[in-house]
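Okay, so here's the structure we're looking at.
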Amino acid sequence: MGYIALYRKWRPKQFEDIVGQEHITTTLRNQIMNNRIVHAYLFTGTRGTGKTSMAKIFAKAVNCPNNHNGEPCENCNICEEIESSRVLDILEIDAASNNGVDEIRELREKVKYPPSLGSYKVYIIDEVHMLSQGAFNALLKTLEEPPSHVIFILATTEPHKLPATILSRCQRFDFKRVSVKDMVDRMAYICNEMDITIEEEALELIANNAGGALRDGLSILDQCLSLSKNNQKITYEDIVDILGLVSNEWLYQISQSIIEQDIYNTMELFHQVIDGGKDIIQMAKQLAEHFRNILMAKTLPQPQEILELSREQIGRVKNQGEKPSEERLLSYISSLSQIENTIKYSSQPMIILEMELIKLCKNPGAENLKELIDRIETLEREITNLKSVKREAKIPPSPKKSSRPLQEESITPEEKVQDTIVPINKGLTLEEVKAKWEEILKEVKREKVQVEALLKEGELAQLNGNKLIISFDLGFHQAKLSEKDNIKLLERIISRVMGSLLIIECVMQSQLSFQHQEEDPVQSAIKIFGEDVVEVVEDKED
Amino acid sequence: MKRYNNCFHGIIGQERIVEGLTQAIINNSIFHSYIFSGPKGSQRTRMAYSFARALLSKDKPSYNDYRIDDNNHPDLINIFPQGASIKIKQIREDIIGDILIKPFESNYKIYIIHDAHTMGVPAQNTLLKTLEEAPSYGVIILITDNLSALLPTIISRSQNYKFQPLKEEVIENYLQRHQGLELSKAREISLMANGSIERAIQLSQGEDIRQERQDLLEKLLRIIKDKDIVSVFSTGEYLMEQRDRLEELLDFLMLWFRDISVYKELGDNKWIIHKEDKKLLEEFSYYLSDKQINDIINDISIMKSNRRFNINLQLNIETMLLRIQEE
């Protein structure tokens with residue numbers, strides 16, 4: 001009996017004991033020294049950052065007659081009286097349980113009586129966000145113009161719940177989260193004072209898990225103390241045990257087997273710790289964090305500046321990051337942090353994490369999208385190649401010379417010139433172009449859909465040297481496609497696909513028709529029945 | 001030391017927590033606020049009572065044991081949800097208003113808040129100050145199965161003990177020793193009990209569950225194999241009839257589909273829970289794709305959490321079954 005929790009026993013008694021809030025302590029001390037105390041303060045910040053403690057110290061300091069540098073002296077009568085909470089001048093009100101209008105009205109009534117001992121009457125209203133709407137409004141007038149001997153200190157974790165009219169009447173101080181280093185220092189000090197031996201790493205681990213709240217840290221420390229037998233030294237492992245954490249070694253192993261996509265090994269490791277009774281939410285959290293470390297070590301030039309790991313560990317993490325791509329690591333992290341939420345509300349957390357691990361092993365997540373597209377493209381190309389091989393086998397190449405006579409007639413003077421400039425045609429035939437036509441259409445479609453639509457209307461008529469003639473039934477199609485931009489685009493694409501420079505010309509079907517008489521019957525058959533009827537060619541052979 | 005052990009005598013498993021609490025008593029470092037969080041049936045309540053017994057009986061003979069279990073001890077105050085939740089009024093009257101009165105006959109005054117997650121945010125806020133600065137004899141124990149429903153400011157003020165589901169061997173042992181079951185039956189039930197001793201006892205007294213589950217699986221298999229839309233609805237109806245036991249059946253199905261997934265990846269292995277039904281497992285895993293299995297597990301877990309909100313159960317069940325059927 002009579003045990004007092006560490007965070008109560010070691011509640012700061014002076015401004016300088018408060019950890020990590022120098023910006024506030026300095027201001028408040030200066031206010032006391034210069035006698036510039038205002039009548040209403042608002043202290044906000046997350047849990048365990050020192051709001052209530054600060055309020056109590058401030059109440060003591062303003063009343064202490066012989067304070068030095070703004071600190072209460074701790075020796076005088078008044079300080080002692082306040083410390084043992086025998087004074088009626090300091091009123092600590094729990095707003096969460098006294099949140100009605102009636103309580104505030106009562107407070108208003110009493111405000112006017114002067115302090116009995118010191119020079120100020122201090123009202124500390126804790127958890128002030130829980131006051132009701134009516135209560136806030138009842139407080140407004142008093143808060144704005146209290147008697148000169150009254151100071152209000154409102155403390156809350158949720159300032160956004162306060163009405164703007166309250167906020168504007170107070171001097172607001174935002175409490176920062178306590179940094180790991182500050183917390184370790186404070187806990188080391190307490191342990192030292194209490195003759196507790198504890199490893200430095202153990203303190204760091206506690207601080208990391210306290211989430212910036214000193215009270216959380218001290219609660220964990222307290223739990224360790226109550227477990228320790230006969231004041232033995234408290235080790236890193238003890239803390240790992242109490243927090244239900246998994247060891248670093250395990251993290252390296254399981255992340256490695258996930259990266260290597262080894263499901264069996266992953267399951268083996270997972271069940272090892274499950275049987276050890278570890279906390280599943282923590283496990284998911286730690287694993288996500290580990291992958292984050294890997295990603296950081298992989299991407300940052302100077303990872304040691306960001307990661308709180310030893311040189312040796314960073315090397316190890318970096319090693320792990322060599323194989324997986326950044327995208328893969330990112331997808332690990334995002335799925336693990338998503339699952340963290342699901343786990344919280346699930347009655348079967350084990351199954352959910354287990355399934356997620358299997359999923360991670362099986363598909364390493366979204367690979368680079370561009371990589372995927374490239375892979376699909378090469379596949380497509382190969383398929384079309386296969387098709388064309390098949391077709392060529394079926395169609396005997398038509399005699400080249402048959403198209404010769406056509407050449408002269410359809411060449412305009414302008415093109416003649418071009419002809420002479422780029423005579424690069426590695427002996428392409430019309431059939432080869434036709435075989436690749438589908439692919440060409442697809443490429444064109446990717447660049448400009450309209451052109452593809454037009455092109456579909458046309459028909460491959462002839463290939464004369466490096467000039468490809470496409471014929472059309474309708475003047476509109478021919479004219480549209482003949483536009484300079486479109487022709488250029490076509491030439492570029494077709495030349496690329498065919499691997500040799502070609503010039504495109506669009507003509508009307510009628511312009512060609514009379515030439516057909518002289519043409520190879522096979523060609524004319526194709527003209528008339530369309531490309532699909534290539535089979536006819538075979539028939540002719542028979 | 002020995003006497004404290006006696007206090008914790010009835011507790012199954014959770015040795016580490018027993019050890020921790022006993023050590024705290026020996027070190028005389030009793031915290032003013034504890035959270036016992038963990039799934040139902042993981043001995044939280046029993047632990048709280050035992051801890052209370054150890055504290056209250058410190059210097060006195062343990063004759064007052066039965067008064068603790070009967071909720072009849074003057075220095076032990078139990079707070080249960082009134083209806084669906086614990087009301088602010090209860091916190092104010094039963095705890096805040098009461099804690100300043102010194103214990104009647106013991107060194108401690110203990111408050112046990114059952115299902116603490118049913119406290120609303122205002123109720124939890126009301127408790128905050130008292131939780132932080134309780135008088136030295138006051139001990140408040142919060143029991144919950146959903147730690148995330150408590151305010152961080154509450155958790156930060158308390159010592160948190162996380163209860164894991166009991167291991168199968170522990171339940172198996174218990175059933176054999178205290179319920180007089182044969183080994184095979186005890187093992188079977190321990191696998192189905194999901195880490196809860198209460199459910200295990202319930203199961204051991206119930207009908208032939210195995211046969212029933214086998215039937216359910218046969219039905220599901222028919223849906224998968226024959227793509228028979230009619231049996232989707234007849235199975236749905238069957239599940240609706242089992243409404244009272246749905247929670248248990250859903251748990252079972254979740255484990256079953258988890259098994260399929262594991263079986264699919266690794267074949268026969270030591271992590272499969274339903275070892276005795278290998279043939280069925282094989283058949284299921286033949287017909288279902290990875291994505292389907294994942295979706296089904298997701299569906300079940302969503303349905304389980306939705307059940308609290310009075311959703312249209314029938315629709316949910318049918319959606320799940322249709323998912324099983326589709327390809």
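Values in this text are rule-based calculations from the coordinates and carry no lab data. In this text, all values refer to a predicted model and were calculated from it rather than measured experimentally. Using ideal geometry, Cβ is built from the backbone for each residue, glycine included, and neighbour counts are taken over all protein chains shown.
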Fewest to most Cβ atoms within 10 Å: A:Trp10, B:Trp271 sort as B:Trp271, A:Trp10
The simple spin-label model distance between B:Glu241 and B:Asn173, using points 7 Å out along Cα→Cβ, in nm, is 4.1
Here the net charge surrounding A:Glu145, from other residues whose Cβ is less than 14 Å away from its Cβ (Lys, Arg +1; Asp, Glu -1), is +3
Here the whole-number average of other chain Cβ atoms within 10 Å per Cβ of A:150-159 is 1
As a percent rounded to 5, the proportion of antiparallel DSSP bridges among beta bridges in the stretch A:6-174 is 5
Under the Karplus relation with 6.51, -1.76 and 1.60 and θ = phi - 60°, whole-Hz ³J(HN,Hα) for the stretch A:189-199, x at Gly and Pro, equal 4, 4, 4, 4, 4, 9, 6, 10, 9, 8, 6
If N is the residue count of the protein assembly as shown, its Cα Rg over 2.2 N^0.38 Å rounds to 1.36
Computed ³J(HN,Hα) along the stretch B:115-132: with the Karplus parameters 6.51/-1.76/1.60, θ = phi - 60°, integer Hz and x for glycine or proline, the list is 6, 4, 5, 7, 5, x, 4, x, 4, 5, 4, 4, 6, 3, 5, 5, 4, 7
Amide H proximity to A:Met508 below 5 Å, modelled H, separation 5+ or other chain, gives A:Phe472
Taking a straight Cα-to-Cα line shorter than 13 Å from A:Lys434, and setting aside same-chain aspartates and glutamates fewer than 8 residues away, one finds A:Glu392, A:Glu459, A:Glu531, A:Asp532
Ranked from fewest to most other Cβ atoms within 10 Å of their own Cβ, A:Ile487, B:Ile317 fall in the order A:Ile487, B:Ile317
Which of A:Lys110/B:Lys109; A:Lys13/B:Lys109; A:Lys181/A:Lys285; A:Lys9/A:Lys285 exceed 27 Å between C-alpha atoms? The answer is A:Lys110/B:Lys109; A:Lys13/B:Lys109; A:Lys9/A:Lys285
Mean per-residue count of partner chain Cβ within 10 Å for A:242-254 equals 1
For chain A the mean separation of alpha carbon contacts under 8 Å (6+ apart) over residue count, i.e. relative contact order in percent, is 10
Residues meeting the amide H criterion for B:Ile35 (H placed from the backbone, H to H distance under 5 Å, 5 or more places apart or on another chain) are B:Leu142, B:Gln159, B:Asn160, B:Tyr161
Note, B:Ala134: beta-carbon cut-off 10 Å, +1 each Lys/Arg, -1 each Asp/Glu, net +2
Mean per-residue count of partner chain Cβ within 10 Å for B:123-129 equals 6
With R₀ set to 51 angstrom, the calculated FRET efficiency between the beta-carbons of A:Asn30 and A:Glu322, to the nearest 0.05, is 0.40
Between B:Lys219 and A:Met508, the FRET efficiency computed from the C-beta separation at R0 = 56 Å comes out, to the nearest 0.05, as 0.20
Of the listed links A:Lys229/A:Lys278; B:Lys227/B:Lys264; B:Lys102/B:Lys129; A:Lys233/A:Lys298; B:Lys185/B:Lys291, those spanning more than 27 angstrom between alpha carbons are A:Lys233/A:Lys298; B:Lys185/B:Lys291
Sequence order, the stretch B:153-167: Karplus ³J(HN,Hα) from phi using 6.51 cos²θ - 1.76 cosθ + 1.60, θ = phi - 60°, Hz rounded, Gly and Pro as x, gives 5, 6, 4, 5, 8, 10, 8, 9, 10, 9, 8, 8, x, 5, 6
Sorted on mean Cβ neighbours within 10 Å (highest first), peptides B:210-222, A:340-352 come out as A:340-352, B:210-222
For B:41-52, B:290-301, ranked highest to lowest by mean beta-carbon neighbours within 10 Å, the order is B:41-52, B:290-301
quick note, the protein assembly as shown, DSSP beta bridge pairs, % antiparallel (nearest 5) is 15
Cross-link reach from A:Lys480 to lysines, straight Cα distance under 17 Å and at least 8 residues apart if same chain, gives A:Lys445, A:Lys448, A:Lys456, A:Lys488
Relative contact order of chain B (C-alpha contacts under 8 Å, at least 6 apart) in percent is 17
Expressed as a whole-number percentage, the relative contact order of the stretch A:180-243 with C-alpha contacts under 8 angstrom and at least six residues apart is 39
Amide H contacts under 5 Å for A:Lys121, restricted to residues at least 5 apart in sequence or on another chain and with H modeled in the peptide plane, are A:Val150, A:Ile151
The exposure ranking of A:Lys121, B:Lys278, B:Lys40, A:Lys229, fewest beta-carbon neighbours within 10 Å first, is A:Lys229, B:Lys278, B:Lys40, A:Lys121
Summing -39500 (n - 2.57) over every DSSP H run of at least 4 residues in chain A and dividing by its residue count gives a helix-only mean residue ellipticity at 222 nm, to the nearest 500 deg cm²/dmol, of -17500 deg cm²/dmol
Surrounding charge for A:Thr197, neighbours by C-beta under 12 angstrom, Lys/Arg +1, Asp/Glu -1, total -3
Taking only the alpha-carbon atoms of chain B, the convex hull volume per residue, in cubic angstrom, is 156
Output ordering of A:78-87, A:291-300 (per-residue mean of other Cβ within 10 Å, highest first) is A:291-300, A:78-87
For the stretch B:2-162, percent of DSSP beta bridges that are antiparallel (nearest 5) comes out at 5
